[in-house]
Amino acid sequence: EPEVTQTPSHQVTQMGQEVILRCVPISNHLYFYWYRQILGQKVEFLVSFYNNEISEKSEIFDDQFSVERPDGSNFTLKIRSTKLEDSAMYFCASSRTEQETQYFGPGTRLLVL
Amino acid sequence: QQQVKQSPQSLIVQKGGISIINCAYENTAFDYFPWYQQFPGKGPALLIAIRPDVSEKKEGRFTISFNKSAKQFSLHIMDSQPGDSATYFCAAIGRGSARQLTFGSGTQLTVLP
């Protein structure tokens, strides 16, 4: 069964450093999403991406965040200058259409020191 | 208005019992209500979903009951098993572009052997 994959599984970084989180969505999916989950809290929407542009973003997704689909398979989330409060689990998700179910990857646990 | 309220925060059930998790929403633009199951260190996995034109949907031991007038929906797990021990999130998606998932706060279910 096809699945969303994410790398790395864990990332530790110093405050102020840039990080790039990578995702490979399911191959025939066209809609891509990033969510985050701070430890013990609910999953929160960050951004959605379709047709090589951002469709929607939350207030969490400020100028420090960017997303990119650099090739036909990868979907990345970049945090330019990490803050302590960026420490969270980051999930990538994809769906074939807007109407269909979003499938989540296993997540990247980001720890900012 | 974008919130989905979920209760209880935690639930302990004996093996073979019925687990019931409740959610409520305000936004009448929501038109798709999935439930996700999350094991520690893993991404949310779709369990079952319902649209508001249906009052109940059953898949195996899992049933969603939906009350459109009350804007409430619930997950029932029949014959609960220790392997069902996980965190359960209700979610909702609204009409419009991008269809971001709005998650409830989660219920940590423990099924005792």
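The values are calculated or read from the model by the stated rules, or taken from the named source; none is laboratory data. The structure displayed is predicted, hence computed values, not measured ones. With ideal geometry, Cβ positions are generated from the backbone for all residues, glycine too; neighbour counts draw on all protein chains shown. Just the protein is used for accessible areas: all its heavy atoms, side chains included, with ligands, DNA and RNA removed. Shrake-Rupley method; radii C 1.70, N 1.55, O 1.52, S 1.80 Å.
Conditions (1) out of contact with any Asp or Glu (no Cβ under 6 Å at 6 or more places or on another chain); (2) among the acidic types (Asp, Glu); (3) under 23 Å from B:GLY41 (Cα atoms), marked per residue:
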position	(1), (2), (3)
B:VAL54	yes, no, no
B:LYS68	yes, no, no
B:PHE73	yes, no, no
B:HIS76	yes, no, no
B:ASP79	yes, yes, no
B:PRO82	yes, no, yes
B:TYR88	yes, no, yes
B:GLY94	yes, no, no
B:LEU101	yes, no, yes
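Being β-branched (Val, Ile, Thr) and either touching a Phe, Trp or Tyr at 6+ places or on another chain (Cβ under 6 Å) or assigned to a loop (DSSP other than H, G, I, E, B) (or both) holds for only one residue in A:ILE26, A:ILE20, A:ILE54, and it is A:ILE26. Determine whether B:THR63 is under 30 Å from A:ILE38 (Cβ atoms) and either touching a residue at least 12 places away in the same chain (Cβ under 8 Å) or open to solvent by 30 Å² or more (accessible area, probe 1.4 Å) (or both). It is false that B:THR63 is under 30 Å from A:ILE38 (Cβ atoms) and either touching a residue at least 12 places away in the same chain (Cβ under 8 Å) or open to solvent by 30 Å² or more (accessible area, probe 1.4 Å) (or both).
Where the second residue is among the acidic types (Asp, Glu) and part of a strand (DSSP E or B) and the first is under 17 Å from A:VAL4 (Cα atoms) and lies in region A:62-76, which pairs have Cβ atoms under 9 Å and are six or more apart or on separate chains? These pairs meet every condition: A:ASN74/A:GLU68; A:PHE75/A:GLU68; A:THR76/A:GLU68. The one condition from (1) within 14 Å of chain B (Cβ to nearest Cβ); (2) under 13 Å from the mean Cα position of the chain (by Cα); (3) touching a residue at least 60 places away in the same chain (Cβ under 8 Å); (4) open to solvent by 30 Å² or more (accessible area, probe 1.4 Å) that A:HIS10 does not meet is (2).
Quick one: in region A:30-58, which of the residues that are crowded, with 18+ Cβ neighbours inside 10 Å and β-branched (Val, Ile, Thr) is modelled with the highest pLDDT? This residue is A:VAL47. For A:SER27, the criteria (1) within 14 Å of another protein chain (Cβ to nearest Cβ); (2) open to solvent by 20 Å² or more (accessible area, probe 1.4 Å); (3) hydroxyl-bearing (Ser, Thr, Tyr) hold in every case but one, which is (1).
Can you find a residue that is away from every other protein chain (no Cβ under 14 Å), within 27 Å of B:PHE39 (Cβ to Cβ), open to solvent by less than 90 Å² (accessible area, probe 1.4 Å) and under 11 Å from the mean Cα position of the chain (by Cα) anywhere in region A:16-23? Checked region A:16-23: at least one residue is away from every other protein chain (no Cβ under 14 Å), within 27 Å of B:PHE39 (Cβ to Cβ), open to solvent by less than 90 Å² (accessible area, probe 1.4 Å) and under 11 Å from the mean Cα position of the chain (by Cα).
A search for C-beta distances below 9 Å between a residue of region A:91-113 that is without any contact (Cβ under 8 Å) to a residue 24 or more places away in the chain and any residue that is in a loop (DSSP other than H, G, I, E, B) and crowded, with 21+ Cβ neighbours inside 10 Å, counting only pairs 6+ apart in sequence or on different chains, returns A:GLN99/B:ARG99.
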